[in-house]
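Visitor: A single structure is presented below for examination.
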Amino acid sequence: MATETLAAAVPVPGDQEPVVIFDDVSIGFDGKPVLKNISFRVAVGETRILLGPAGVGKSVLLKLANGLFRPDSGRITVFGQEVSSMPEGDLFGLRSRIGMVFQESALFDSLTVRDNVAFRLMEDKVPESEINDRVAEALRFVELEHTMQMFPAQLSGGMRRRVAIARAIVAKPDLLLYDSPTGGLDPITSTTIVELVVKERDLYHTSSLLVTHRLQDAYTLATHTFNKAENHMERSPGDKTNLYTSFLMLREGELVFDGSTHELVTSDDPFIKEYLT
Ligand SMILES: Nc1ncnc2c1ncn2[C@@H]1O[C@H](COP(=O)(O)OP(=O)(O)O)[C@@H](O)[C@H]1O
Ligand SMILES: [Mg+2]
């Protein structure tokens, strides 16, 4: 019964056109190749975790997905529109449907938490009367409603990251891009951030592409579920891995893995085996 409820609530990957398609994408800087012939998809409702060592091109890949970089070759399609050749002006419409959590939170220091979270809504000309409710809802999601009138400098690193998540989800995006959301945080605080990613995934099923260098984050995302009634994350019943979460791995600019959690942990590839231990 539980599985049927889930199936009704979440679109089955493969059912609809993918939210993101990378087709043979390459990019380099100053003549140095960074990403080489990358092809993968993010289906509706899917969470894809991108693993890979520092400097391999994970952040570049996310910036390609929201049109901040253009590929040297290949095609990138987001929401059925070709981003790789889209005129600059059309990218604003695209980005208004994407929520991005940057590596360093990237909050505006001179704005209150409320105004940081409200920023996108104001840009999108959401009526003032709606903004307060939406901001409160997003801050409630990250359990920081009480910080509304505080400034980023008054918050801990973990709290700033939670505000960055509130800002990314406030406009109810169709795609979330998380760039190392636990980067620079201690292990316990990292878990609270991963819990929010799990909560977002399991309550709203927003298609997501998440970059991490922390294997623990990937493992938690694959094996945990958000218990809505008790408002916390817990190990998935029967130790099942999450059906909507799968992996991509970059190595020296190439995509060396694209598959399920089970396929990842049982891979015979020496690089993957070493990475996982
Ligand atoms: N704007 C840029 N100009 C030149 N080189 C860049 C730029 N952005 C990224 N790079 C290079 O691309 C490579 C991958 O960077 P990045 O995607 O940030 O790695 P990571 O996997 O750690 O996120 C690095 O060698 C970096 O120096
Ligand atoms: Mg990076």
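Visitor: Amide H of residue 251: which non-local residues (sequence gap of 5 or more, or other chain) have their own amide H closer than 5 Å, using H built in the peptide plane?
Guide: For residue 251, whose amide H was placed from the backbone, the distant partners under 5 Å are 256.
Visitor: Turning to a different aspect of this structure: Given charges of +1 on the Cβ of Lys and Arg and -1 on the Cβ of Asp and Glu, with all other atoms neutral, how large is the dipole of region 101-230 about its Cα centre, in debye to the nearest 20? Intermediate values should be presented prior to the final figure.
Guide: Values: 14 positive and 19 negative charges, 24 e Å.
It comes to approximately 120 debye.
Visitor: Tell me which residues come under 5 Å, amide H to amide H, from residue 208 once H is placed; ignore anything under 5 positions away on its chain.
Guide: Answer set, sorted by chain and number: 46, 47, 48, 176.
Visitor: What percent do you get for the relative contact order of region 1-156 when only Cα pairs under 8 Å and 6+ apart count? Don't skip to the answer; put the middle values down first.
Guide: On the way: 177 pairs, mean separation 28.0, N = 156.
Taking the mean separation of contacting Cα pairs over the length of region 1-156, I get 18 percent.
Visitor: Another question about this same structure. Excluding residue 52 itself, calculate the net charge of residues whose Cβ lies under 14 Å from the Cβ of residue 52, where each Lys or Arg counts +1 and each Asp or Glu counts -1. It would help to have the intermediate numbers written out before the result.
Guide: Numbers: positive: 36, 48, 58, 214, 251; negative: 179, 217, 252, 254, 258, 269, 274.
With Lys, Arg at +1 and Asp, Glu at -1, the neighbours total -2.
Visitor: Which residues' amide hydrogens lie under 5 Å from the amide hydrogen of residue 34, considering only partners 5 or more residues apart or on another chain, with H built in the peptide plane?
Guide: Those lying under 5 Å, H to H, from residue 34 are 27, 28, 29.
Visitor: Then there's this: In the neighborhood of residue 267, defined by Cβ-to-Cβ distances under 14 Å, what is the net charge if each Lys or Arg adds +1 and each Asp or Glu adds -1?
Guide: Working: positive: 251, 273; negative: 258, 263, 268, 269, 274.
Combined, the nearby Lys, Arg, Asp and Glu give -3.
Visitor: OK, next. Quick one: dipole size for the chain, taken about the Cα centre, charges +1 on Lys/Arg Cβ and -1 on Asp/Glu Cβ, in debye to the nearest 20. Walk me through the intermediate numbers first.
Guide: Working: 28 positive and 39 negative charges, 72 e Å.
Approximately 340 debye in magnitude.
Visitor: Return the loop-located chymotrypsin sites (Phe, Trp or Tyr not before Pro) in region 174-266 (DSSP other than H, G, I, E, B) with at most 10 other Cβ atoms within 10 Å of their own Cβ; answer none if there are none.
Guide: none
Visitor: Moving to a separate point now. With a cut-off of 8 Å between alpha carbons and a minimum separation of six or more residues, what is the relative contact order of the chain in percent?
Guide: Values: 495 pairs, mean separation 62.0, N = 277.
Contact order relative to length: 22 percent.
Visitor: Order 104, 82, most accessible first, counting only protein heavy atoms with a 1.4 angstrom probe. If you can, show how the numbers build up before the last one.
Guide: Numbers: 104 135, 82 60 Å².
Largest to smallest exposure gives the sequence 104, 82.
Visitor: Kindly report, to the nearest 10 Å², the accessible surface of residue 21 as traced by a 1.4 Å probe over protein heavy atoms only.
Guide: Using a 1.4 Å probe on the heavy atoms, I get roughly 30 Å².
Visitor: Mind listing the phi-derived Karplus ³J(HN,Hα) values for region 30-37, rounded to whole Hz, using 6.51, -1.76 and 1.60 with θ = phi - 60°, and x for any glycine or proline?
Guide: 6, x, 9, x, 10, 10, 10, 6
Visitor: Let me ask something else. Per residue, how much space in cubic angstrom lies within the convex hull of the C-alpha atoms of the chain?
Guide: Working: hull volume 40.6 nm³, N = 277.
Roughly 147 Å³ of hull volume per residue.
Visitor: Quote the relative contact order of region 150-272 in percent (integer), defining contacts as alpha-carbon pairs under 8 Å separated by 6+ residues. Walk me through the intermediate numbers first.
Guide: On the way: 128 pairs, mean separation 20.5, N = 123.
RCO, region 150-272: 17 percent.
Visitor: Pairs 32/63; 172/199; 36/240: which are spaced more than 23 Å apart, C-alpha to C-alpha?
Guide: Over 23 Å Cα-Cα: 36/240.
Visitor: Which ³J(HN,Hα) values, rounded to whole Hz and listed in residue order, are derived for region 40-47 from phi using the Karplus coefficients 6.51, -1.76 and 1.60 in 6.51 cos²θ - 1.76 cosθ + 1.60 with θ = phi - 60°, glycine and proline given as x?
Guide: 6, 9, 10, 7, 4, x, 8, 10
Visitor: Which net charge results when you count Lys and Arg as +1 and Asp and Glu as -1 among the other residues whose beta-carbon is under 14 Å from that of residue 256? Please list the in-between numbers first.
Guide: Numbers: positive: 36, 58, 251, 273; negative: 252, 254, 258, 263, 268, 269, 274.
Neighbourhood net charge equals -3.
Visitor: Next question. Order 146, 232 by their accessible area, 1.4 angstrom probe, all chains in place, largest first. Walk me through the numbers on the way to the answer.
Guide: On the way: 146 135, 232 65 Å².
Order by accessible area, largest first: 146, 232.
Visitor: Run through region 88-175 and list the trypsin sites (Lys or Arg not before Pro) located in a DSSP loop whose Cβ has at most 10 other Cβ atoms within 10 Å.
Guide: On the way: sites: 95, 97, 114, 120, 125, 134, 140, 160, 161, 162, 167; in loops: 97, 125.
Counting only loop positions with at most 10 other Cβ atoms within 10 Å, the trypsin sites (Lys or Arg not before Pro) in region 88-175 are 125.
The values are calculated or read from the model by the stated rules, or taken from the named source; none is laboratory data. Computed from a predicted model, the values in this text were never measured in an experiment. Glycine also receives a Cβ, built like all others from the backbone with ideal geometry; neighbour counts cover every protein chain displayed. Ligands, DNA and RNA are stripped out before the accessible areas are found, and what is left, the full protein with its side chains, is counted by its heavy atoms. Shrake-Rupley method; radii C 1.70, N 1.55, O 1.52, S 1.80 Å.
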